[in-house]
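> Take a look at this one; I'll ask things after.
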Amino acid sequence: MIPERDHVALRPEQATIPPGHAWNRIPVIAAVFALVGIAASAILGTANPKQFFFSWLVSFLFFLSLALGALFFVLIQYAAQGGWGIVLRRIGETTFAMLPVMAVLFLPLLLGLHDLYEWSHAEAVAEDPLLQWKAPYLNVPFFVIRAALFFTIWSFIAVLYYRGSRGQDATGDPGISARLRRFAGPAIIVLALTQTFASVDWIMSLTPHWYSTMFGVYFFAGSFVGFIALLSVVAAAMRRAGLLDTVISPEHLHDVGKLLFAFTVFWTYIAFSQFFLIWYANLPEETTWYRARMEGSWMTVSLFLMAGHFAAPFFYLMGRTVKRNGATLAVGGAWLLAMHYLDLYWQVMPTLHPEGLRVSVLDVAAFVAVGGCFVAAASWLMRRQALVPLRDPRLAESLAFENA
Amino acid sequence: MALLVPELPKGPHYGILAEFATPADLYHACQRVRDAGFTRWDAHSPFPVHGLETAMGLRRSPLPWIVLGMGLTGAALGFVLQWWVHASAQPLVISGKPYFAWPAMIPVTFELGVLFAALGAVFGMLALNRLPMHNHPLFRSKVFERVTDDAFFISIESWDPRFDPSATGKLLESLGARSVELLESE
């Protein structure tokens, strides 16, 4: 039996949602939203299945990327033995614990492979030498096997880290932190590879003639900005709701804000580099993807992304005061979450609507359906657990953290 | 403006130097000197003491604004220089692009922005600290040599409105100073 470690920096009742608190109702409210969204998607989707699958894909990718960003956030802190973010780790753990849920939400897409992916049509491949050349990779059975593999690997890592952290709450065994730290380095490599291939399969292969060797890191950059934005919103909302308001301090918010600022710049660097090299070389097989996004109303969206995903948050998040205040930080986070959705929308939708931006009610329905399931499951998990890793060896360090 | 004030006090005395044995003594003494309303003084330690800037009541440095201004200047300069060269002074068709092909100008714009911001940070810091300074009246003190080893100091300069050679010395002694020394001007 593992000996009991009695050094508890925080009592469990300081770090749980108290009975009767408004947050206890979130799972039910979100589940109602999910049901409404699913019903609306089913009813409207039968009339327009192509639009449904594209809308579902965007919303699926949005919430999946938040979960993958959360997994990276927690893994990197284990690998680097980071101390400051321990009080925020349970938010990340709850988010990546949604990866098995995302596997279920992926299933509807399997019904729409023919609506989504040109390479899944035998007759399209038959008259296209390029698609024939890519057929050993881009074919339906292998696509499904890869998807199963991605979700198996992600769920395995997610469950391992979630169970480990919850187990430490119960036993206080510091050996769990050491074991998870040793596994974190290899897990980051596996995550980087699977995330890259998943972005190629699910987004890049929408336009199967086009390729970009930077696409994986582009998807990663967006996913990490997305999760940090979510983290800033959730942490600020918790403090406002009187949960962890003495645990998460302006010092922690400040660091979340710095990460948000830094990875907004990183996303811009990657997004621009991908565009810049293709634009400069001007090779027809590479420029098609950007050509589609530089015409008509898609060009307006492209320019809006430059302003909204880079310029505005860059100057907004630069100052110290904005990052140390929950409300102002959450405004920046919510804005960047919206921009992250728009970024994915901009990557996916021009394949369906090359003529220009066509917002559909199915976009809303799919977002409410996927988001409702995601929020319902995550908030249900939050009710059942401590909101911070109660007996992590570095919890005291994190509680006392101050920016120099 | 810090840059406009004279470098060192005029008058017979430079100020008073008090030596403390531990970082904790220094920290608490700084709080008291701050609360006594002194403005022209400094603390000296062999290593950074966390929270000392709060204990001293230091205002935030204006350096970030210098860096921002320099960074924006550099970026604007880089962009305008390329614009002028490519679109006005020496228009050349390069790989079929328009004269004013703004994406091609982003790398240089970015690099000049970073360069100017970095130069602003380094030289702005030196200027705000009035460095380089080749000598300082504090170096007359023999005990001050230990500031890079194992001793902690507070120096209060004589041009502080609240400075008084005997009263200020007594205050520092009452705060637990190991030694108090009146330093002459050069």
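The numbers here are math on the coordinates, done by the rules we state, and not lab data. As the structure is a computational prediction, the values presented were derived from the model and not from experiment. Heads up, the Cβs are rebuilt from the backbone with ideal geometry, glycines too, and the neighbour counts pull from every protein chain shown.
> I need to check one value: relative contact order of region B:65-128, counting alpha carbon pairs closer than 8 Å and at least 6 residues apart, in percent.
The value is 57 percent.
> Another question, if that's okay. Need one word for region B:7-54: rounded, prolate or oblate. Basis is the Cα gyration tensor (sqrt eigenvalues a ≥ b ≥ c); a/c below 1.5 gives rounded, then a/b vs b/c decides.
Cα axes put region B:7-54 in the prolate bin.
> Once a ≥ b ≥ c are taken as the square roots of the eigenvalues of the Cα gyration tensor of chain B, is the result rounded (a/c under 1.5), prolate (a/b larger than b/c) or oblate (a/b not larger than b/c)?
Taking the square roots of the gyration eigenvalues as a ≥ b ≥ c, chain B is prolate.
> Something else about it: Could you grab the relative contact order for chain A? Cα pairs under 8 Å, six or more apart, rounded to a whole percent.
RCO, chain A: 36 percent.
> Rounded, prolate or oblate: which fits the protein assembly as shown when a ≥ b ≥ c are the square roots of the eigenvalues of the alpha-carbon gyration tensor, with rounded for a/c under 1.5 and prolate only if a/b beats b/c?
Oblate.
> OK, next. Output the peptides B:160-166, B:26-32 sorted from most to least packed, where packing is the average of other Cβ atoms within 10 Å over each peptide's residues.
B:26-32, B:160-166
> Would you list, by chain and number, the aspartates and glutamates whose Cα falls below 15 Å from the Cα of A:K258, excluding same-chain residues fewer than 8 positions away?
A:K258 reaches A:E402.
> Kindly express, to the nearest 10 degrees and within the range 0 to 90, the angle between helix A:86-96's C-alpha long axis and the longest C-alpha principal axis of chain A.
40
> Enter the Cα centre distance for the pair region A:56-131 and region A:219-265, rounded to the nearest angstrom.
Comparing the Cα centres of region A:56-131 and region A:219-265, I get a distance of 21 Å.
> For chain A, take the longest principal axis of its alpha carbons; what is the angle in degrees between that and the long axis of helix A:296-305, to the nearest 10 within 0 to 90?
Between the helix axis and the principal axis of chain A, the angle is about 20 degrees.
> Moving on. Whole angstrom only: what separates the Cα centroid of region A:174-190 from the Cα centroid of region B:101-119?
What the calculation gives is 39 Å, centre to centre.
> Of the residues B:K170, B:K97, B:K142, which exhibits the maximal mean-square fluctuation in a Gaussian network model of chain B defined by a 10 Å Cα contact cut-off?
B:K97
> Other chains' Cβ within 10 Å of A:265-272 residues: what's the mean?
1
> Of the candidates A:I203, A:I43, A:I17, which one comes out as most mobile in a Gaussian network treatment of chain A with C-alpha springs shorter than 10 Å?
Answer for the Gaussian network model of chain A: A:I43.
> For every other residue with a beta carbon closer than 14 angstrom to the beta carbon of A:P313, add +1 if it is Lys or Arg and -1 if Asp or Glu, then tell me the sum.
+1
> Which trypsin sites (Lys or Arg not before Pro) from region A:1-87 combine a DSSP loop assignment with at most 10 other Cβ atoms within 10 Å?
Loop-located and lightly packed - none at all.
> What does the net charge come to around A:H254 if you take all other residues with beta carbon closer than 14 Å to its beta carbon, with K and R at +1 and D and E at -1?
Every neighbour counted, the sum reads +3.
> Local charge sum around B:R178 (other residues, Cβ-Cβ under 13 Å, Lys/Arg +1, Asp/Glu -1)?
Surrounding charge for B:R178 is -4.
> List the residue ranges in chain B for DSSP H helices whose C-alpha atoms run 24 angstrom or more along the long axis and whose Kyte-Doolittle average is 1.0 or above.
Qualifying helices: B:63-83, B:102-128.
> If the cut-off is a Cα-Cα distance under 15 Å, which aspartates and glutamates reach B:K10, setting aside same-chain residues fewer than 8 apart in sequence?
Here the aspartates and glutamates satisfying the reach criterion relative to B:K10 are B:E157, B:D160, B:D164, B:E184, B:E186.
> Taking each residue in B:102-108, count the Cβ atoms of any other chain within 10 Å of its Cβ, then average. What number comes out?
2
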